[in-house]
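What follows is calculated from the coordinates using simple rules that are stated; it is not laboratory data. Please read these numbers as outputs of a predicted model, since none were measured by experiment. Ideal geometry is used to build each Cβ from the backbone, glycine not excepted, and the neighbour counts take in all protein chains shown.
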Amino acid sequence: MLEWIRYRQCGSSSPAPERWGQGHARFDITSLRSGPTAKMMWKLRRVGIIGFFSCTFLVCYPIPYMFVSLGIFRKPVVDIPVSLAEGKVRTNEFSSKNDEHYLILIRAQRRIPFAEMTCMMGVDFGQLNPSVCNTKPLLQADWSVWEGDRIVASGAAHDRGGGGSTDRTLERYIGHFSGQAGHKYVVEAKFTADGTALNKTGPHLIVEVEKPWD
């Protein structure tokens, strides 16, 4: 094990190694490049490298699947552009692959000053509201969920309510419902106020699986 540590007494021409502690000693590490110890060191390094990448793979690889299982990376089941003028919008039929809770929302680009836009869309952030809104929201809607020819869920969003925001978008949640695995649904939204002033924000009607923080 100590083959690579070759030490001799300084100033001596004798090839015989001295015991540790007898006089001054120096190290000769030329044999680090060859011999069984060098092979052992390479094996240890190789095992360490393989172990590192194996552990990284085992730990990190399942993370995207964990996010998918939580609904973080799932695409919306419905994502269609809409006009927020008074009128009715009906989505295409979609299937629920599992028993899921779905969120119905309007997502728009932040092309209006944030404080003004939150008032127009009726988004309520509670104590984090950027301003006090003294007018009714321009975004108001009645909604219903159809399964075949019957309504299985319905509701309304006429006042201020929950929503979400990123640096690019603002969302107004207008409803939610529970879907059953293998069942097919259609969402219908009837906008009951003139929200055309919001059309320049490119609003979309979104139906997506609820995330843990929604």
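How would you classify the range 76-209 from its alpha-carbon gyration tensor, with a ≥ b ≥ c the square roots of the eigenvalues: rounded for a/c under 1.5, else prolate if a/b is greater than b/c, otherwise oblate? Prolate is the answer for the range 76-209, as a/c is 1.5 or above and a/b outweighs b/c.
Could you give the length gained by full extension between Q127 and N98, i.e. 0.36 nm per residue of separation minus their alpha carbon distance, to one decimal place? Can you show the working numbers first?
Details: separation 29, 0.36 × 29 = 10.44 nm, distance 3.58 nm.
Contour length minus the Cα-Cα distance gives 6.9 nm.
Volume of the convex hull of the range 134-214 (Cα atoms only), normalised per residue: 123 Å³. Annotation: amide H of A153 within the under-5 Å range of V145, sequence separation 5 or more or interchain, hydrogens built in the peptide plane.
As a rough footprinting exposure proxy, the listed residues T166, T192, T201 were ranked by other beta carbons within 10 Å of their own, and the order from fewest upward is T166, T192, T201. Using C-alpha pairs under 8 Å with a sequence gap of at least 6, the mean separation divided by the residue count of the range 76-209 gives a relative contact order of 48 percent.
Spin-label pair Q109-D79: with each label point 7 Å from Cα along the Cα-Cβ axis, the two points sit 1.5 nm from one another. For G195, the residues whose amide H sits under 5 Å from its own are A85, E86, ignoring neighbours fewer than 5 places away on the same chain, with H placed 1.01 Å from N. What you get for the range 76-209, charging only the Cβ of Lys and Arg (+1) and of Asp and Glu (-1), is a dipole of about 300 debye around the Cα centre.
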